[in-house]
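Chemist: One structure, as structure tokens, below. Some questions next.
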Amino acid sequence: MASTNSYNHLPTYLPSSTYPLLLRTLEPEDNAAFAAILSDPRNTDMESAEVKQAKPMELSTATSAIARMRDSAAQATVVSAPSSDGGDARGKVLRGPGRVNLVIVYLGQEGTEEGDELRKKGGLVIGIGGFGGIKDLSHGTGEEEGVVRAGDVGAMINTEYRGRGFAKESVRLAMEWGFKSAAGGGLQLDKITATTLKNNVAMVKVLDKFGWKGQDKTNEDGLEELDYEMTWQEWENK
């Protein structure tokens, strides 16, 4: 039997070196913040109907959602041993989690009273990011054949924390981690995608900053969207 290695992603912490932020996997005690973020129509006005809340999210609903997210994040990434001829130095991902959602945590400015208080408490959850879906796709057809592992990245941040570069940094941290080898603590994705409504100007600006060029499409609700994708080789060459 071929040799394999397994790597766990729960918990994961992704601190920023340039912003007072970190991304991490969700904890059960995040339920109140999670519910508040998704209950705020200012956060979901550009999201699909299934994300928008007709009424404030119940705490029990948030608790159940976080439990499912943690179950997925707990699924190990299993990687084949690197080839002896050096042709596949990272090994191939055989299976892994179907999603790894992360919360965006604001730490405050270090050395300030606010920052000191927030850091004592582990920071303040101000948004949701990471990978809401990870699929195994084929090179040519997009059918699920386990050839290319693709994660869909995103970021949702509370209104009062926008305009500070936090969304871009949250996407960058997630992408950097997503493309990192499993042996190095990452998801070892082959491709990262993003989809946003064309009139979601703020998110389009964030994604454009990574050099992505969105492809126009119309979704099932008849709304114009932009699809983005980047391979790990393209990321490495940036």
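Please treat every number below as a calculation from the coordinates, not as lab data. Source: prediction; values computed, not measured. Cβ coordinates were reconstructed from backbone atoms using ideal geometry, including for glycine residues, and neighbour counts include every protein chain displayed.
Chemist: Listing 192, 126 from the residue with the fewest other Cβ atoms within 10 Å to the one with the most, what is the order?
Modeler: Ranking 192, 126 by Cβ neighbours within 10 Å, fewest first, gives 126, 192.
Chemist: Using only alpha carbon pairs under 8 Å that are at least six residues apart, calculate the relative contact order of the chain and give it in whole percent.
Modeler: Averaging sequence separation for qualifying contacts and normalising by length gives 17 percent for the chain.
Chemist: For residue 227 and residue 120, calculate 0.36 nm times their separation in residues minus their Cα-Cα distance, and state this gained length in nm to one decimal.
Modeler: So the extension gain works out to 34.5 nm.
Chemist: Using the Cα centre of the chain as the reference point, and only Cβ charges (+1 on K/R, -1 on D/E), how large is the resulting charge dipole? Debye, rounded to the nearest 20.
Modeler: Around 380 debye, computed over the chain.
Chemist: Further question on the same structure: So what's the gap between the Cα centers of segment 62-79 and segment 95-124, to the nearest angstrom?
Modeler: Value for the Cα centre distance between the two parts: 19 Å.
Chemist: Multiplying the sequence separation of residue 159 and residue 217 by 0.36 nm and subtracting their Cα-Cα distance, what value in nm do you get?
Modeler: Stretched fully, the residue 159-residue 217 segment lengthens by 18.1 nm.
Chemist: For the chain, just the Cα atoms, rotate onto the principal axes and tell me the three extents in Å, largest first.
Modeler: Taking the Cα atoms of the chain, the three principal extents are 54, 45, 36 Å.
Chemist: What value, in deg cm²/dmol to 500, does the helix sum -39500 (n - 2.57) over DSSP H runs of n ≥ 4 give at 222 nm once divided by the residues of the chain?
Modeler: The per-residue figure over the chain is -7500 deg cm²/dmol.
Chemist: Compute the signed sum of charges (Lys and Arg +1, Asp and Glu -1) over the other residues within less than 15 Å, Cβ to Cβ, of residue 170.
Modeler: Counting the neighbours of residue 170, the net charge comes to +4.
Chemist: When Lys and Arg each count +1 and Asp and Glu each count -1, what net charge do the other residues less than 14 Å away from residue 185, Cβ to Cβ, add up to?
Modeler: +2
Chemist: Between residue 36 and residue 112, what is the FRET efficiency for a Förster distance of 35 Å, r being their Cβ-Cβ separation, to the nearest 0.05?
Modeler: Working from the Cβ atoms, E equals 0.90.
Chemist: For residue 89 and residue 237, what is the calculated FRET efficiency with R₀ set at 22 Å and r taken between the beta-carbons, to the nearest 0.05?
Modeler: Efficiency, from the Cβ-Cβ distance: 0.85.
Chemist: How would you rank 45, 208, going from fewest to most other Cβ atoms within 10 Å of each one's own Cβ?
Modeler: 45, 208
Chemist: Next question. Please report the antiparallel percentage of DSSP beta bridges with both residues in the chain, rounded to the nearest 5.
Modeler: If I count the DSSP bridges inside the chain, around 95 percent turn out antiparallel.
Chemist: Moving to a separate point now. How do 83, 17, 181 rank when sorted from fewest to most other Cβ atoms within 10 Å of their own Cβ?
Modeler: With the fewest neighbours first, 83, 17, 181 line up as 17, 83, 181.
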